[in-house]
1. Between Ala364 and Asp114, what length comes free when the chain is fully extended (0.36 nm per residue of separation minus the Cα-Cα distance, one decimal in nm)?
2. Can you compute the helix-only [θ] at 222 nm over the chain? Use -39500 (n - 2.57) per DSSP H run of at least 4 residues, normalise by all residues, nearest 500 deg cm²/dmol.
3. For Lys95, give me every one of the lysines with a C-alpha distance below 22 angstrom, ignoring sequence neighbours fewer than eight places off in its own chain.
4. Where does each of 241-247, 144-150, 6-12 land if you order them by average Cβ count within 10 Å, highest first?
5. Using per-residue counts of other Cβ atoms within 10 Å, averaged over each peptide, order 93-104, 431-442, 209-220 from highest down.
6. Explain nothing, just the number: dipole magnitude of the range 119-251 about its Cα centre with +1 on each Lys and Arg Cβ and -1 on each Asp and Glu Cβ, in debye rounded to the nearest 20.
7. If packing is taken as the average count of other Cβ atoms within 10 Å, what order do 74-87, 108-121 fall into, highest mean first?
8. Using the structure shown, list the pairs from Lys121/Lys221; Lys86/Lys274; Lys24/Lys71 with a Cα-Cα distance above 20 Å, or answer none.
Amino acid sequence: MARRIIVIGANASGVEAASSARKKDHTAEITLITQEYPGYSRCGLPFVLGGQIPSFKDLTVYPPAYFKMLKLNLKNETKVTAINTKDKTVTAVDKAGATETLQYDSLVIATGADSFMPPIKGREKQGIHSLRTLEDGEKIDRAIKDGAKSAVIMGAGLIGLETGVALIERGLKVTIVEMLPQILPAMLDADMAKLVQEHLQEKGMCILTGKAVEKFLGEEKVTAIIAGGERVEADLFISAFGVRANTKLAVDAGIPLGESRGIKTNARMETDVKDVYAVGDCAESPNIITHKVACAQLGTIAVRQGKVAGTNAGGGYALFPGILASAVTRLFETEAGVTGLTEAAAQRAGIEVVTGAISSKTKADYYPNALPIKVKLVVEKESQRIIGAQIVGGEEVTQRINALSFAIQKGMTVRELAKADTAYAPPLNETWEPMVLAAEMVLMKLR
Ligand SMILES: Cc1cc2nc3c(=O)[nH]c(=O)nc-3n(C[C@H](O)[C@H](O)[C@H](O)COP(=O)(O)OP(=O)(O)OC[C@H]3O[C@@H](n4cnc5c(N)ncnc54)[C@H](O)[C@@H]3O)c2cc1C
């Protein structure tokens, strides 16, 4: 009898899991169930709002033909309401209200995450948007088309800032409100974040850091917020406080959560319940350096975990190595990237570090349009291993972050990086690669 694999959620991690299962088992009955529009890129939402991508429809990564080609049985607009791990069934209800119980041999939970709203006074009022789904994006777009001229974005993480840039590009006056003293607090150290903040402010973004949102004001609809005692009015309010793993189905089914409140998994992405896997934003995995578990909530991690779970569910063998949480973004003309631990995160983890930072150029200094780039390395003092890197620059950030991610994964020391055989030509790089110069800075401090 054909193996029955059910995947709950048909986005980044779910589609990858189903596709990988198909590669391992050509005859399996693979069913994907999702309550939402399937197979699109959430990561592209800010760029539709900003006008770089013409329409929300263009964010479809996996069209219906893809599911057909791989013989994946897709159940759209269908919500899984229960998992029974004893009988190995899931119960699903479709748009018309019809209930169906499906049997599985292997189950992959890929239910993602939902936008999070802290318990702020007045949060039940109308007009507070988030940006997680296509529908959210369309609502914000509609509000702009209906005449919104100003926006308050609550939270200065990646999504908050990318959305802020998009709205400025659409002509709105944007104020970002952040509770912590810096922007991008999960991604960059304060010294690196300052460079990004200065660039955003030059482009007209008003950034209020160290101000927690205390209250939403207005009758039925929000018209202003109080943040750090200050009143900020706007036409549009966007909550970018972060996301929370969507674990309700798992919890109701008795599938254990871990320390970070994500679904607990091992390196094969198996949960504590036999034949049940969890992947993507709802699942936790250990950090490669600290071994502390976390839900990375990045598309890159979601697809890798999905590939591992799908391969295993399809009868193969694959391991997920853990999280470095490499991430990049482009905000107007500045790119920012991170891999591994920031200096602040290393300190929180009790790791003694030495850091080195260097400001350089992306081309030979004399070459036209050479752009600034700053590289910061975080090195474990005792082993001299590189455990983190951050880069802020006008271009060429992503591939350097990727190179440093490989270096960290391979346990490279800062001494080895300082001797790296890097390439140069005036229109493409400085003679001394900035990553190598940053390594030299660390070595000087270690000496
Ligand atoms: C605006 C934005 C920008 C981003 N930019 C980046 C970026 O640049 N780089 C990056 O790496 N990451 C980025 N991310 C994060 C990335 O999009 C997520 O990490 C990724 O989507 C996670 O994929 P997932 O499959 O785990 O979960 P999701 O994409 O959340 O998909 C889960 C699906 O499961 C469905 N579901 C949940 N419960 C049920 C149920 N009971 N029954 C049926 N279906 C259910 C949900 O409706 C959803 O469609 C961004 C996210 C956003 C919102």
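Readers should treat all values here as calculations from the given coordinates under stated rules, not as data from a laboratory. Just so it is clear, the structure is predicted and the values come from calculations on it, not from any experiment. For neighbour counting, all protein chains shown are included, and Cβ atoms are generated from backbone atoms with ideal geometry for every residue, glycine included.
1. Full extension from Ala364 to Asp114 adds 85.5 nm.
2. One gets -7500 deg cm²/dmol as the mean residue ellipticity at 222 nm.
3. The qualifying lysines are Lys57, Lys68, Lys75, Lys79, Lys139, Lys248.
4. Per-residue Cβ counts within 10 Å, averaged per peptide and sorted highest first, yield 6-12, 241-247, 144-150.
5. Ranking the peptides 93-104, 431-442, 209-220 by packing returns 431-442, 209-220, 93-104.
6. Taking the Cα centre of the range 119-251 as origin, the dipole is about 320 debye.
7. Going from most to least packed, we get 108-121, 74-87.
8. Where the Cα-Cα span goes over 20 Å, no listed pair is concerned, since all stay within it.
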